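Visitor: Below is one structure. I have some questions about it.
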Amino acid sequence: MNVNVRDLAADRAAQANRRAQWMRQLRQWHWISGALSLLSMLLFAVTGITLNHSAAIEAKPQVTTQDGTLAAPLVEALASEPTSGRAPVSTRLAEAIDTAIGIDVAGREVEWSESEAYIALPRPGGDAWVSIERDSGAVTYEKTDRGWVSYLNDLHKGRHTGAAWSLFIDVFALASIVFCITGLLLLQMYAKGRSLTWPLVGAGLAIPVLLAMFLIH
């Protein structure tokens, strides 16, 4: 009988030890993923509000222009370029544009026509472009800035943000997934002492589902 009691106590102790180890692991992963995603989650939450109310947030675009002229040898070289289609900006043309107006277009794409070369320079929170007149070599640069709210909204959407930001969003999303899953498992472990745990979790699931089913048309 004493042996059975000791065995039962040992089993309970082992179970408690395993539970404690799981708890420590979950807490560790939860706080690490939370720390990694905290500021980004705040950014995406705030920009979720600004995107949802974008029509009510006034934006006053600021447009700046800059003019220049390509050197004569390069103007002559433009005559041999295509009169239609798209192609990457050549190193020579990119350097000439940088010299003329101080704008870096390396790695961009040129849209050729009979009269001009057009280079789109989309950017978060605005837009920009460079146009070159083929016959005169006149270069025009225009940049539109729609403000920091538009900039943050474009970061939220990943619009014209480049490969580095796209990779960051993937890493942030994975950290957020780990944060949510470990949070759910911690809720499960603490649920016995907190009667509202599962009703609140169920409400968090049911509310968006019901809204999507009945109030989105």
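Visitor: On a C-alpha basis, how far is the centre of region 147-217 from the centre of region 127-144 in Å? Whole number, if you could?
Guide: The two parts, judged by their Cα centres, are 43 Å apart.
Visitor: Return the label of the correct value of percent of Cα pairs over 21 Å apart, as calculated from the structure shown, out of [x] 72; [y] 51; [z] 55.
Guide: [x]
Visitor: Right, something else. How large is the dipole of region 62-146 about the Cα centre if only Lys and Arg carry +1 and Asp and Glu carry -1, each at its Cβ, rounded to the nearest 20 debye?
Guide: Here the size comes out at about 260 debye.
Visitor: Distance in nm between label sites at Trp148 and Ser113, each 7 Å beyond Cα in the beta-carbon direction?
Guide: Computed distance between label sites Trp148 and Ser113 equals 3.8 nm.
Visitor: What are the extents of the Cα atoms of region 62-146 along their three principal axes, listed from largest to smallest and rounded to whole Å?
Guide: That gives 37, 24, 21 Å along the principal axes, largest extent first.
Visitor: Lys and Arg at +1, Asp and Glu at -1: add these up for the other residues within a Cβ distance under 12 Å of Ala94 and post the number.
Guide: -2
Visitor: Each label point is 7 Å from the Cα along the Cα-to-Cβ direction; what then is the distance between the points at Ser84 and Met213, in nm?
Guide: Calculated label separation equals 5.4 nm.
Visitor: Using helices alone, what [θ] at 222 nm do you get for the chain, with -39,500 (n - 2.57) per DSSP H run of 4 or more residues, divided over all residues and rounded to the nearest 500?
Guide: -20000 deg cm²/dmol
Visitor: Using mean Cβ contacts within 10 Å as the protection proxy, how do 99-107, 138-146 order, highest first?
Guide: Values: 99-107: 14.8, 138-146: 17.4.
Top to bottom by mean Cβ count within 10 Å: 138-146, 99-107.
Visitor: Could you work out how far apart the two model spin labels at Phe168 and Trp129 are, taking each label as a point 7 Å from the Cα in the direction of the beta carbon, and quote it in nm?
Guide: Distance between label points: 2.8 nm.
Visitor: With everything on Cα atoms, drop me the angle between helix 197-214 and the longest principal axis of the chain, reported from 0 to 90° to the nearest 10.
Guide: 40
Visitor: Would you mind checking the tilt of helix 162-190 against the longest principal axis of the Cα atoms of the chain, expressed as 0 to 90 degrees and rounded to 10?
Guide: 10
Visitor: Quick check on region 1-111: take the gyration tensor over C-alpha atoms, sort the square-rooted eigenvalues as a ≥ b ≥ c, and tell me if it's rounded (a/c under 1.5), prolate or oblate. Let's see the in-between values first.
Guide: Values: a/c = 5.65, a/b = 2.97, b/c = 1.90.
Prolate.
Visitor: Taking the Cα centre of the chain as the origin and placing charges on Cβ (Lys, Arg +1; Asp, Glu -1), which of Thr144, Ala71, Gly204 is farthest toward the positive end of the dipole?
Guide: Gly204
Visitor: On to the next question. List the lysines whose alpha-carbon lies under 21 Å from that of Lys60, not counting same-chain residues fewer than 8 positions away?
Guide: Lys143, Lys157
Visitor: When you count, for each residue, the other Cβ atoms within 10 Å and take the mean per peptide, how do 59-65, 75-81, 147-153 rank with the highest first?
Guide: The peptides rank, most packed first, as 147-153, 75-81, 59-65.
Visitor: Could you run the Karplus curve 6.51 cos²θ - 1.76 cosθ + 1.60 with θ = phi - 60° over region 91-106 and give me ³J(HN,Hα) per residue in whole Hz, x for Gly and Pro?
Guide: 4, 5, 5, 4, 5, 5, 5, 4, 5, 6, 10, x, 10, 8, 10, 4
Visitor: In addition: Give me the number: length gained by fully extending Tyr190 to Ala206, i.e. 0.36 nm times residue separation minus the C-alpha to C-alpha distance, one decimal in nm.
Guide: Full extension of this stretch gives 3.6 nm more.
Only the coordinates and a few stated rules stand behind these numbers; no lab work does. All values reported here derive from a predicted model rather than from experimental measurement. With ideal geometry, Cβ positions are generated from the backbone for all residues, glycine too; neighbour counts draw on all protein chains shown.
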